[in-house]
Amino acid sequence: MEIRSYIVPFLLALGVHALVLVLLSTHWIDHAEPRRQVPRHIEAQMIDLTALAKRQAEQARIAEEKVRQAEQVRQAERKRQEQVAAEKRQQELARRQAEADARRKAQQEVERKRQQELAQQRAAEQKRQAEQAARRKAEAAERKRKAEELARREAAEARRKAEAAAQAEAERKRQQQLAEAELQQALQRERQAREAAARQASQAVMGDIQSYIQAMLQSSWRIPSTARNGMEAVVAIHFLPSGEVDQAYIDTSSGNAAFDNSAVQAVYRVQRFPRVAEIDPILFERRLRKLLVKFRPEGLRW
Amino acid sequence: MVIMKRIGMLLMLMLASVMARAELVVEVTQGVEAPTAIAVVPFGNETGKALPEDVAAIVQQDLQRSGFFQPMARENMLGFPVQKSELYFRDWRIAKMDYVVIGRSVPVGGDEISVRFELYDVLREQSLLSEQVTTNRDNLRDGAHFIADRLFERLTGLKGAFSTRIVYVTAEQLSAQKQRFRLQLADWDGARARTILESSEPILSPVWSMDGSKLAYVSFETGKPAIYVQYLATGRRERIQSFPGLNGAPAWSPDGNSLALVLSRDGNPEIYVLDLQSRQLQRITRHYGIDTEPSWSPDGQSLIFTSDRGGQPQIYRLDLASRNLERLTFEGNYNARGRLTQDGRFLAMVHRSRGGGNGFDIAVQDLKTDRLDVLTRSGMVESPSIAPNGSVVIYATQEGTRGVLSAVSLDGRVQFRMPAVSGDVREPAWSPYLR
C-alpha cells in the first residue's frame, strides 16, 4: 500500500524532468548557429586591404582612409571585440547555461537515480516485505500444518492407546466374567448339591409341615355364603420363627370381598402354628418365612 | 459376548422362576361352611330418652336373616362396649367372633337422632367402617336397615337389601258371604305393614315396576279380572285395558315400558307383551298348552314362563329376539312360578320332586351347572319372590289352615317366618332397590 502510493508522484517527477529537458534542448539547438557565423565576419576584413592607392588624395584619402580604416578597424576591432565579448559572454552564458544544465541534469540525474534507487529500494523493500509476509505466512501455514499434524498424530496415538486399553479392559473383564461364571457355576453346583441334599432331608419335614398348615387352615376357614366353586384367592403369610403369624394378606384376589376376607381371617384365626417353631431355622428361613396359601373351595353347592 | 450375556440372563430368569416356584404353596380346598360370626353390641343411647326401636337388634336380625351371618346372642356377650376405647379384641376373639359392631345414638336436635356405628375386624384388630346415619325418631327402623345395608355391603361385597319393601295380599273372612282383601306394603322383615288397597273382591299377583315407584296387580273389583297399575307415592290407580276371559300375571319389563301378561282371549292362556305407551299387544306364545306366570330376565332379552306343553308344568325360557324356546327345568314333575336372581344365574321356583308325594317346596336351580336344591320342607309353598341382591327368597306357605309369609336364604341356611298378620297371607312380592 505504502509503496504504491509513491508511484504517482514518481511518475509526475519523471514527467517534469522530461519536460524541462525538452524545453532546454531547443535552446541548445538554436545557439549552435551563431558559433558557425563567426568565421564569416573575419573574411570580410581581408577584402578591404587590396583597395586603390592615390598619393595626396590618395594619401589624404589614404590617411583619411587610413583613419577611417583605422577607425573602421577599431570599430571592427571593437565590434569584433564586442562580438568576441558578446560571443564570449554568449559562450560564457551558454557555458554557464550548459554547466547549469549539466549540473541540473546531473542533479536531476542524481535525483532521478536517487529516486530510482529509492524506488528500487522501495520496490526492494516492498519485495522484501512481501517476501517476508509470504515467508511469515508460509511459516504460519507450516506451523499450523505441523501443529495439526502433531495433533492428528497425538489423537491417533491417544485413540490407539484408548483402544488398546479398552481391549485390555474388555479382555480383563471377560476373564473376570469367565472366572465369575465359573465360580457361580461352581457355587450353583455346590448349592444345588447342597439343596438337593437339604431337600431330600427336608422333604419329609416340609411335606409334614405343609399338611399340618393345611389341616390347621381347613379347620379355621369359614367359607362364606358368597363363595362359589371355582373361586380362588391366594393369601401370603409371613411367619415369625415362633410360628406366629406376622402378617397375612391377599396376594391374588378372588374378586369377591367376602371370600378374600374369609381366607385372610382363616390365617389370623389360627394365630400361631406351634409346629412351625420346631422347624430347623435354616429351613425355616428358606422355605417358611413366607408362605403362599391358595384357598380354592371344592364341593360347594354352587 | 452379547449371546453369552443373553444366555446368562435367561439362566438367571429361569433360576428366578424356579426360586419363585420354590415358595411353598399350600392349597386349602375344604373349610367350614358357616355363616360369618359377628357380634352386634347393643348401641348406647345418649339421647336421654328411651328410643322407640332397638337399632342394634334390628341390625342383628337383618344380618342374621340374610343367611350370611351368625350373630352372637346378647346374653353371651361379656360386655357392651359403646366406644373403641372400651373394646377389647381379645374378649371377642375368645368368643370366636370375626367382627364386632358397636354404636351409639346421639341427639341432633328436635326429633332427629344420629346413630354412629363402627365395624371392627376382631382377628386383624382394625376398623373397617365408621359412619353415622341421621334419622327421625319415628323412622329409626329405616336408620337401622340402612346400617345393616352398609355392614352387609362392606363384609360381603354385595349390596344390602334390608331397606327394600315387600307387598302381599291378605284375605279375611268377615262373614259367610263377605270377604275383605287387602294389599299391604311392609318393610322387608314384615314390620310396619300398611294397607294400600282394600277390596271386597280378590286381589292377585301384585308386582313391582323396576324403579319401585308403582305396582301392577289383578283385581276382581268389577267382577271380572282386570289389570291395574297403582302409583305408590300418590295412590293413583289406572286400569289397563282388559280383554275378554282371563287377564292375569302381569310382569314389568326391566325398562318399565312394557308389561308381560297372560290373556285367554284367543282360547287358552297365552303370554302377551303389552307396550304401555302405544297400547299395542304382541302375542308371545302360541301353544294349545297353558302358558302362564311370565317373568322377565334381568337383561330384558327373554321371558321365562310356566307351561304344561310337556305334559306337566315346567319352566321355559323364550328369547324375545330369536323366539328360541328353551326348557330350563327337568328335575321333578312340577316346576312353576320361576323367578331369576338379578345376576341371572339362579332360578327360584315352586318345585315338586318326582315321587316326593304332593309336597310343593321352594327350590333353586343354578343355571350354570343346572344343579337344583330344595330349600324348604314345608310341603305347601307358593309365590316365591327374590330379594334384589339374591340373598333371600320370600314365599307364602300354610301354617295350619292359615297362609303366612316365610323366607329362606338362597343357600337354605336360614328360614324365618314373617310377623303374623291377621288373615290369610299370600302372594308376596319383593321390591327392587329403592331410592
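Listing B:210, A:216 from the residue with the fewest other Cβ atoms within 10 Å to the one with the most, what is the order?
Exposure proxy ranking, most exposed first: B:210, A:216.
Among B:98, A:280, which comes first, then next, by fewest other beta-carbon atoms within 10 Å?
Ranked by crowding around the Cβ, least crowded first: A:280, B:98.
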Within the set B:149, B:111, B:211, GNM on chain B using Cα springs under 10 Å gives the largest fluctuation to B:111
Based on other C-beta atoms within 10 Å, arrange B:32, A:276, B:393 from fewest to most. B:32, A:276, B:393
Can you order the peptides A:234-243, A:166-175 by their average number of other Cβ atoms within 10 Å per residue, highest first? A:234-243, A:166-175
Restricting to Cα pairs under 8 Å and 6 or more apart, the percent relative contact order of chain A works out to 13 percent
Taking Cα pairs under 8 Å and at least six residues apart, what relative contact order does region B:319-426 come out at, in percent? 17 percent
Angle between chain B longest axis and helix B:140-156 axis [Cα atoms, degrees, rounded to 10]: 60 degrees
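Test of understanding: what is the full-extension gain from residue A:240 to residue A:154, defined as 0.36 nm times their sequence separation minus their Cα-Cα distance? If you can, show how the numbers build up before the last one.
Details: separation 86, 0.36 × 86 = 30.96 nm, distance 6.61 nm.
Additional length available on full extension: 24.3 nm.
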Quick check: the angle from helix B:55-65's long axis to the longest principal axis of chain B, C-alpha only, nearest 10 degrees? 80 degrees
Taking only DSSP H segments of four or more residues, each worth -39500 (n - 2.57), what value at 222 nm results for chain B once the sum is divided by all its residues, to the nearest 500 deg cm²/dmol? -4000 deg cm²/dmol
So, R0 is 60 Å and r is the distance between the beta-carbons of residue A:28 and residue A:64; what FRET efficiency does that work out to, to 0.05? 0.85
Sequence-distant lysines (8 or more away, or on other chains) whose Cα lies within less than 22 Å of residue A:105: A:113
Where in chain A are the DSSP H helices whose C-alpha atoms run 18 Å or more along the long axis and whose mean Kyte hydropathy is at least -0.5? A:7-30, A:257-270
Determine the shielding of peptide A:211-219 by partner chains: average, over its residues, the number of Cβ atoms on other chains within 10 angstrom of each Cβ. 3
Per the protein assembly as shown, sqrt(5λ) over the Cα gyration tensor eigenvalues, sorted largest first, in Å, gives 140, 45, 28
Determine, for chain B, the count of lysine pairs separated by eight or more sequence positions (or lying on different chains) whose alpha-carbon distance falls under 28 Å. 8
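Per the helix-only calculation at 222 nm, which mean residue ellipticity applies to chain A, given -39500 (n - 2.57) for every DSSP H run of n ≥ 4 and division by its residues, nearest 500 deg cm²/dmol? Each step should come with its number before you reach the end.
On the way: 4 runs with 218 residues, N = 302.
Calculated at 222 nm, the ellipticity per residue is -27000 deg cm²/dmol.
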Taking every residue in B:70-77, how many Cβ atoms of other protein chains lie within 10 Å of its Cβ, on average? 0
Between residue B:287 and residue A:298, what FRET efficiency follows from the Cβ-Cβ distance if R0 is 56 Å, with the result rounded to 0.05? 0.85
Label points 7 Å out from Cα along the Cβ direction at residue A:130 and residue B:377: separation in nm? 13.4 nm
Whole-Å distance linking the alpha carbon centroid of region B:203-236 with that of region A:209-244 is 51 Å
Hey, quick one: spin label on residue B:32, modelled 7 Å out along Cα-Cβ, who in region B:78-108 has an amide N within reach, i.e. under 12 Å? B:95-98
With charges only on Cβ, +1 for K and R and -1 for D and E, what is the dipole size of region B:329-435 about its Cα centre, in debye, rounded to 20? 80 debye
Cross-link partners of residue A:66 among lysines (Cα-Cα below 22 Å; sequence separation of 8 or more within a chain): A:54, A:79
What do you get for the angle between helix B:2-22 and the principal long axis of chain B? Use alpha-carbon atoms, 0 to 90 degrees, nearest ten. 70 degrees
Region A:153-195 and region B:314-381: distance between their alpha carbon centers, rounded to Å: 75 Å
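Is there a simple number for the mean count of other chain Cβ atoms within 10 Å of the Cβ of residues in B:150-159, and what is it?
Taking the mean over all residues of the peptide, I get 3.
What is the calculated FRET efficiency for residue A:173 to residue B:324, with r their C-beta to C-beta distance and R₀ = 51 Å, to the nearest 0.05?
It comes to 0.10.
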Using 0.36 nm times the number of residues separating residue B:231 and residue B:309, minus their current alpha carbon distance, what extension gain do you get? 24.5 nm
Aspartates and glutamates near residue A:294 by alpha-carbon distance under 13 Å, same-chain residues fewer than 8 away left out - which ones? A:232, A:251, A:260, B:23, B:27
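Where a number appears in this text, it was derived from the coordinates with a stated rule and is not lab data. All of these numbers come straight from a predicted model, not from anything done at the bench. No Cβ is skipped: glycine too gets one built from the backbone with ideal geometry, and neighbour counts run over all protein chains shown.
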